[in-house]
Amino acid sequence: MPDNVVKAETGHQNISGVAFRMSARDCLSCFEAYDPPEFSPVKYFLLCRAIELALKVLHLDNNDRKFVKDKLGHNLTKSYEGLEEDHKVLSSQELELLKKTSDLYESRIKAFEYIQPIHAARGYTDFPDLARLYGIAKKMVEYVERFQKENP
């Protein structure tokens, strides 16, 4: 009997990108299905989370999860601006809206997670246009779905 021994080595498959894409799509679907009887910041949160996860999908193509978590966090602007140029699909107007939204969304303010008296007192006029934000979220989620299908 030969002395050939085949050793199976462990492999590593980063499934985070696929999981994040699915979660981004789910957040977008939840937004589309959610119809509260009155104003709700939850709709903004769902769109922002969909955008955040879609952006992270693109970063995970070249970076590990720790980098994405530690360097990008919840900052939508930083995450978008850190993309490779061929992934930057937003128009200049969409990018401006994303920047405004990022300031309200990121961890230090969390305006879409916690009702803040100042925003309520202003009638939420500081919040971005929901229809335009939806357009950005839909564009980014559809982009990452195409990207992952073309680059399995």
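Some observations on this one:
- Of the set (1) open to solvent by less than 50 Å² (accessible area, probe 1.4 Å); (2) of a type outside the set (S, T, N, Q); (3) in a helix (DSSP H, G or I); (4) within 18 Å of LEU46 (Cβ to Cβ), all apply to LYS100 but (1).
- Residue match in the range 108-130 (condition: assigned to a helix (DSSP H, G or I) and under 26 Å from ARG21 (Cβ atoms)): yes
- Within the range 20-36, the residues that satisfy the criterion of being open to solvent by 60 Å² or more (accessible area, probe 1.4 Å) and not hydroxyl-bearing (Ser, Thr, Tyr) are MET22, ARG25, ASP26, CYS30, GLU32, ALA33, ASP35.
- Wholly enclosed helices (runs of 4 or more DSSP H) of the range 1-86 bearing at least 1 residues modelled with pLDDT under 85 and closer than 15 Å to PHE147 by Cβ: 16-33
- Residue that is most open to solvent (accessible area, probe 1.4 Å) [pool: residues in the range 104-139 that are aliphatic (A, V, I, L, M) and under 21 Å from the mean Cα position of the chain (by Cα)]: ALA131
- Of the numbered criteria (1) surrounded by fewer than 16 Cβ atoms within 10 Å (Cβ to Cβ); (2) in contact with a helix residue (DSSP H, G or I) (Cβ under 8 Å, 6 or more places away or on another chain), the one HIS87 fails is (1).
The values are calculated or read from the model by the stated rules, or taken from the named source; none is laboratory data. As the structure is a prediction and not an experimental result, all values here were calculated from the model. Note that each Cβ is placed from the backbone with ideal geometry, even for glycine, and that neighbours are counted across all protein chains shown. Ligands, DNA and RNA are excluded from the accessible area calculation, which covers all protein heavy atoms including side chains. Shrake-Rupley method; radii C 1.70, N 1.55, O 1.52, S 1.80 Å.
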